[in-house]
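S.K.: If you scroll down you'll find the structure; I have some questions about it.
The values are calculated or read from the model by the stated rules, or taken from the named source; none is laboratory data. If you're wondering where the values come from, they're calculated on a predicted model, not measured in any experiment. Cβ placement follows ideal geometry from the backbone for every residue including glycine, while neighbour counts extend to all protein chains displayed. With ligands, DNA and RNA removed, areas are computed over all heavy atoms of the protein, side chains included. Shrake-Rupley method; radii C 1.70, N 1.55, O 1.52, S 1.80 Å.
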Amino acid sequence: MTNKVRGFPKDFIWGCATSAYQIEGSPLADGAGPSIWHRFTHTPNRVTDGDTGDIACDHYRRYTSDVDLMRELGMQAYRFSVAWGRVLPEGTGRVNPAGLAFYERLVDRLLDKGIQPMATLYHWDLPAALDDRGGWLNRDIAHWFAEYSEVVFRKLGDRVKYWVTLNEPWVVTDGGYLHGVLAPGHRSAFEAPLASHNLMRAHGASVQAYRALNLKSPIGLVVNLEPKYPASQEAADLNAAKRAEAYMNRQYLQPAIHGSYPEELQDVFGEAWPKLPSQDFDLIKQKLDFLGVNYYTRQVTKNDPSVWPVRASGVKQKQHTHTETGWEVFAQGLTDTLLWVKNNYGNPPLYITENGAAFFDPPQVEGDTLEDPLRVDYLKKHLRAVHAAIQQGADVRGYFVWSLLDNLEWAFGFSKRFGIVHVNFETLARTPKASARLYSKIIETNGAALFD
Ligand code: BGC
């Protein structure tokens with residue numbers, strides 16, 4: 001039962017999230033194969049300041065104290081990702097027991113501290129050996145991913161409490177295959193829809209492999225959703241908002257849940273839109289136990305023929321705060337998004353699997369507490385927005401803040417800090433910020449502290 005005024009559902013899960021390449025470091029340790037992100041960060045001029053994940057937060061070696069820190073903060077769940085190349089250095093075939101053992105130790109430590117593990121199988125770090133075979137453009141990847149998934153399911157299926165197949169397929173294709181700003185750095189309108197489609201086939205094949213093992217924990221897909229509000233009521237802007245929404249939000253939800261693609265994608269991709277075998281949708285459309293929603297911002301969308309290939313762009317809302325990544329702070333968008341999913345996709349169980357903000361944090365002074373008022377404000381507003389969606393009937397069962405630690409923000413390197421815990425990248429010392437202290441109180445009171 002939800003307390004109508006203040007409370008969250010009584011079994012609501014409060015946690016935090018990270019991903020392998022962003023925090024682990026030691027990417028080649030203990031027989032791991034390199035990933036496309038290892039390659040990308042080691043290619044000149046790809047990442048701000050030439051930063052790499054060679055050390056990152058050194059979590060691979062400090063995971064025990066990191067789990068202790070989570071425990072001190074009161075975390076009830078932890079979403080992490082498994083690096084495919086640690087488990088299968090060539091992506092398929094030979095299993096690397098030492099890589100798998102790292103995740104086993106991590107999961108056992110979490111359970112030991114009373115923290116529920118949520119494991120994501122793919123958070124963007126494709127084994128480089130598979131990229132050499134075409135990566136997400138090769139249809140065989142659905143089988144490669146299912147093979148890898150099965151190895152992890154067999155090892156950890158008795159202990160992981162929630163499984164996620166893919167993290168944000170949209171970012172993989174938009175950043176990796178359409179605009180080339182993320183690994184593997186391709187730029188092609190012909191490749192992007194094929195990569196998307198194979199990601200969704202791989203997702204389906206992984207869920208199939210899971211069901212075949214008869215395991216009991218829930219399994220789901222994580223998508224990043226950004227509501228698109230038309231900048232005006234003119235037809236051109238209304239259509240632009242529809243195209244942008246189809247491209248970013250419906251491109252993944254619709255095949256996964258309804259077994260088809262949005263019509264607008266043909267308009268977006270034009271001659272690059274592929275003919276796809278209709279039987280593929282039988283593989284893609286698997287029963288899901290939950291959906292993970294990552295929410296950061298919204299877009300107020302206007303028609304803009306100069307923007308390839310969606311012909312839509314955002315209108316900056318100067319009246320609102322923007323984060324260090326230039327994203328408008330707009331918490332109402334999270335309520336709207338959750339209700340949109342509820343209304344269009346059959347009211348599925350939802351977890352907010354990421355939500356957070358990069359802000360400039362004042363330099364840390366030894367012994368002092370670290371104040372991050374903008375992140376504190378962001379967190380409060382967005383959690384109230386989650387609460388509002390629950391009050392209106394969205395079946396939201398948990399929330400994972402992004403991120404536990406400041407980490408490697410992909411092509412931005414270490415220049416953008418998303419952590420509720422500060423990481424000094426010279427000493428690797430961890431210091432909880434004010435946002436972490438607030439979050440602990442929110443967890444302790446099951447959300448009531450939000451309304452004090
Ligand atoms: C990703 C994270 C990333 C965060 C902030 C999400 O798109 O899943 O890996 O750090 O957003 O950009």
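S.K.: Using 0.36 nm times the number of residues separating ARG133 and GLN317, minus their current alpha carbon distance, what extension gain do you get?
M.R.: Result: 61.9 nm gained on full extension.
S.K.: Under a straight-distance cross-link criterion of Cα-Cα below 16 Å, which lysines are reachable from LYS416, leaving out those fewer than 8 residues away in the same chain?
M.R.: Reachable lysines: LYS433.
S.K.: Compute the relative contact order of region 332-422 as a whole-number percentage, counting only Cα pairs closer than 8 Å that sit 6 or more residues apart in sequence.
M.R.: Computed value for region 332-422: 38 percent relative contact order.
S.K.: Here's another thing I want to ask about it. State which entries of LYS318/LYS342; LYS216/LYS287; LYS228/LYS285; LYS242/LYS316 exceed 20 angstrom in Cα-Cα distance in the structure shown.
M.R.: Beyond 20 Å between Cα atoms: LYS318/LYS342; LYS228/LYS285.
S.K.: Right, something else. Averaged per residue, what accessible surface does region 339-452 expose to a 1.4 Å probe, in Å²?
M.R.: 37 Å²
S.K.: If you don't mind, there's one more thing I want to ask. With N set to the residue count of region 62-140, report its C-alpha Rg divided by 2.2 N^0.38 Å to two decimal places.
M.R.: 1.29
S.K.: Give me the Kirkwood hydrodynamic radius of region 137-290 in Å, from all C-alpha pairs, to one decimal place?
M.R.: With all distinct Cα pairs of region 137-290 included, I get 16.3 Å.
S.K.: If I histogram all Cα-Cα distances within region 158-228 using bins 5 Å wide from 0, what percent of pairs lands in each bin?
M.R.: Spelled out bin by bin, region 158-228 gives 4, 16, 21, 19, 16, 11, 9, 4, 0 percent.
S.K.: Ratio of alpha-carbon Rg to the 2.2 N^0.38 Å globular estimate for region 316-452, to two decimals, please.
M.R.: Relative to the rule-of-thumb radius for its length, region 316-452 sits at 1.11.
S.K.: At 222 nm, what value in deg cm²/dmol follows for the chain if DSSP H runs of at least 4 each add -39500 (n - 2.57) and the sum is divided by all its residues, to the nearest 500?
M.R.: Here the helix-only value at 222 nm equals -10500 deg cm²/dmol.
S.K.: Which distance in nm do the two modelled labels at THR64 and VAL181 give, with both placed 7 Å along the Cα-to-Cβ direction?
M.R.: Placing both labels 7 Å beyond Cα along the Cβ direction yields 4.1 nm.
S.K.: I would also like to ask the following. With a 1.4 Å probe and all protein chains left in place, how much accessible area per residue does region 56-142 have, in Å²?
M.R.: Roughly 32 Å² per residue, with all protein chains present.
S.K.: Okay, next question. Determine which aspartates and glutamates satisfy two conditions relative to LYS155: a Cα distance under 17 Å, and not lying fewer than 8 residues away in the same chain.
M.R.: Filter leaves GLU104, ASP108, GLU147.
S.K.: Right, something else. So between LYS10 and LYS275, what do we pick up on full extension, going 0.36 nm a residue minus the alpha carbon distance?
M.R.: So the chain would gain 90.7 nm between LYS10 and LYS275.
S.K.: Want the number for HIS42 to PHE412: 0.36 nm per residue separation, take away the alpha-carbon distance, what's left?
M.R.: 131.8 nm
S.K.: Another question, if that's okay. With no solvent and one equal point scatterer placed on each C-alpha of region 1-123, evaluate the Debye formula and give log10 I(q)/I(0) for q = 0.11, 0.13 Å⁻¹, two decimals.
M.R.: With one equal scatterer per Cα and no solvent, log10 I(q)/I(0) is -0.45, -0.59.
S.K.: Related question: At a threshold of 8 angstrom on Cα-Cα distance, excluding pairs fewer than six apart, so keeping six or more, what relative contact order does region 1-133 reach in percent?
M.R.: 32 percent
S.K.: Please list log₁₀ I(q)/I(0) at q = 0.16, 0.25, 0.26, 0.28 Å⁻¹ for region 295-357, using the Debye equation with identical point scatterers on the alpha-carbon positions.
M.R.: -0.69, -1.07, -1.08, -1.12
S.K.: Mind computing the radius of gyration and Dmax over the alpha-carbon atoms of the chain? Å is fine for both.
M.R.: Cα-based Rg and Dmax for the chain come out at 20.7, 61 Å.
S.K.: Using 1/(1 + (r/R0)^6) with R0 = 56 angstrom and r between the beta carbons of GLU72 and GLU263, what's the FRET efficiency to the nearest 0.05?
M.R.: The formula returns an efficiency of 0.65 here.
S.K.: In whole percent, and with a 1.4 Å probe on the protein chains, what portion of the accessible area of the chain is carbon and sulfur?
M.R.: 50 percent
S.K.: Which value, in nm² and rounded to one decimal, describes the direction-averaged projected area of the C-alpha convex hull of region 201-294?
M.R.: Mean projected area of the Cα convex hull: 7.0 nm².
S.K.: Moving on to the next point. Which one of GLY31, LEU339, ALA83 has its Cα pushed farthest toward the positive end of the charge dipole of the chain, where Lys and Arg give +1 and Asp and Glu give -1 at the Cβ?
M.R.: So the residue we want is LEU339.
S.K.: Given the Cα atoms of region 85-195, and with Rh set as the inverse mean 1/r over their pairs in the Kirkwood sense, what is Rg to Rh to two decimals?
M.R.: Expressed as Rg/Rh, it is 1.02.
S.K.: How high is the relative contact order of the chain, in percent, counting Cα pairs under 8 Å that sit 6 or more residues apart?
M.R.: Answer for the chain is 17 percent.
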